[in-house]
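Below is one structure; the comments refer to it alone.
The values are calculated or read from the model by the stated rules, or taken from the named source; none is laboratory data. All of these numbers come straight from a predicted model, not from anything done at the bench. Every residue, glycine as well, gets a Cβ built from its backbone with ideal geometry; the counts of neighbours run over all protein chains shown. We work out accessible area using only protein heavy atoms, side chains counted, and drop any ligands, DNA or RNA first. Shrake-Rupley method; radii C 1.70, N 1.55, O 1.52, S 1.80 Å.
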Amino acid sequence: MALKQVSSNKCFEGFQKVFEHDSAELKCKMKFGIYLPPKAETGKCPVLYWLSGLTCTEQNFITKAGFHQAAAEHGLIVVAPDTSPRGCNVEGEDESWDFGTGAGFYVDATEDPWKTNYRMYSYIKDELPKLINANFPTDPERMSIFGHSMGGHGALILALKNPGKYKSVSAFAPICNPMQCQWGKKALGGYLGSDASKWEAYDATQLVKSYPDSHLDILIDQGKDDQFLSAGQLLPDNFIAACTERKIPVVFRLQQGYDHSYFFIATFINDHIKHHAKYLNA
């Protein structure tokens, strides 16, 4: 599958690049950011996938998070895809910021008119890693995943639905229990239909209840002054309770004074890179 380089910038002796490709899953052109650390010039590196939140593209994380220095030091390739298919002309996809364009929710839609293109779950799980492994100096056996908000939800469900696939998982202010919040009800209802039992397959709090073992170290940072926490969109307490019941280790840090923004992410990103490096470089 042909990759077209859109940009390349030297950064901490490595390169932050953006590529475009034709996606078979999403049936459109997609972009992703990829950071190649200096180590990638001489050997294979593990890959850390970042999933962004509502309204984001591949640009937000690579320009705002300040992860490059830590990724360079730990020798990690970091991949940041887009958050939805683009330019598919699906009726209604541009009507609201929290559904459709920029809001793929990392599910495979089953409802018309979304089911043809809105297959972000399969894109992140299968198509993108195959593409990355075929074109870059990766160690396909070593990958991890993290994300923010809607992307934190994506990271958690991908790790929980695919035991052993990812060495570690972490999240910033994830949507932990989408079946119980407005964002989730809108997205899951729209993409998967009105039968809420089908939503459980994409809800981290539900998935953790049937996770087969405890070999998954989860790190979550949450800003205490996050407006979406107080609005009941994120619901981390429900997820923590489910993890505790199943004896799955989760480190949850409530960060005093921090909000939902990339200023919060930038503050704690090094901790997350270090968390993943511990497992990826083990």
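A few remarks follow.
- Only one of PHE136, PHE146, PHE172 that is open to solvent by 10 Å² or more (accessible area, probe 1.4 Å) and at pLDDT 95 or above: PHE136
- Within the range 141-181, the set of residues being in a strand (DSSP E or B) and in contact (Cβ under 8 Å) with a residue 24 or more places away in the chain comprises ARG142, MET143, SER144, ILE145, PHE146, GLY147, HIS148, VAL169, SER170, ALA171, PHE172.
- Residue match in the range 124-138 (condition: in contact with a Ser or Thr (Cβ under 7 Å, 6 or more places away or on another chain) and farther than 27 Å from PHE252 by Cβ): yes
- Residue check for LYS130: over 20 Å from GLY184 (Cα atoms), within 12 Å of the chain's Cα centre (by Cα) and open to solvent by 10 Å² or more (accessible area, probe 1.4 Å): no
- One residue stands out among those in the range 247-259 that are touching a Ser or Thr at 6+ places or on another chain (Cβ under 7 Å) and exposed (fewer than 15 other Cβ atoms within 10 Å of the Cβ): the one that is nearest to ASP221 (Cα to Cα), which is PRO249.
- Applying the criterion of at least 1 residues that are out of contact with any helix residue (DSSP H, G or I) (no Cβ under 8 Å at 6 or more places or on another chain) to the helices (runs of 4 or more DSSP H) found wholly in the range 196-265 leaves 227-230, 236-245.
- Residues being crowded, with 21+ Cβ neighbours inside 10 Å and within 20 Å of the chain's Cα centre (by Cα) - total across the range 75-100: 12
- The range 39-69: number of residues that are open to solvent by 10 Å² or more (accessible area, probe 1.4 Å) and either of a type in the set (Gly, Ala, Ser) or part of a strand (DSSP E or B) (or both): 3
Here's the yes/no breakdown for (1) within 23 Å of TYR49 (Cα to Cα); (2) at pLDDT 95 or above; (3) open to solvent by less than 50 Å² (accessible area, probe 1.4 Å); (4) among the hydroxyl-bearing types (Ser, Thr, Tyr):
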site	(1), (2), (3), (4)
LYS165	yes, yes, no, no
CYS176	yes, yes, yes, no
LEU192	no, yes, yes, no
TYR202	yes, yes, yes, yes
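- For the range 205-227, a residue qualifies if it is within 18 Å of the chain's Cα centre (by Cα), surrounded by fewer than 20 Cβ atoms within 10 Å (Cβ to Cβ) and within 27 Å of GLY66 (Cβ to Cβ), and exactly one does: ASP217.
- Taking the range 39-90 as the range and being small (Gly, Ala, Ser) and either touching a Leu at 6+ places or on another chain (Cβ under 9 Å) or in contact (Cβ under 8 Å) with a residue 60 or more places away in the chain (or both) as the test, the residues that pass are ALA40, GLY43, SER52, GLY53, ALA65, GLY66, ALA70, ALA71, ALA72, GLY75, ALA80, SER84.
- Qualifying residue in the range 267-276 (condition: in contact with a Gly (Cβ under 8 Å, 6 or more places away or on another chain), farther than 23 Å from PRO46 by Cα and of a type in the set (S, T, N, Q)): no
- Any hit, the range 96-108, residues being more than 28 Å from ALA277 (Cβ to Cβ) and charged (D, E, K, R): yes
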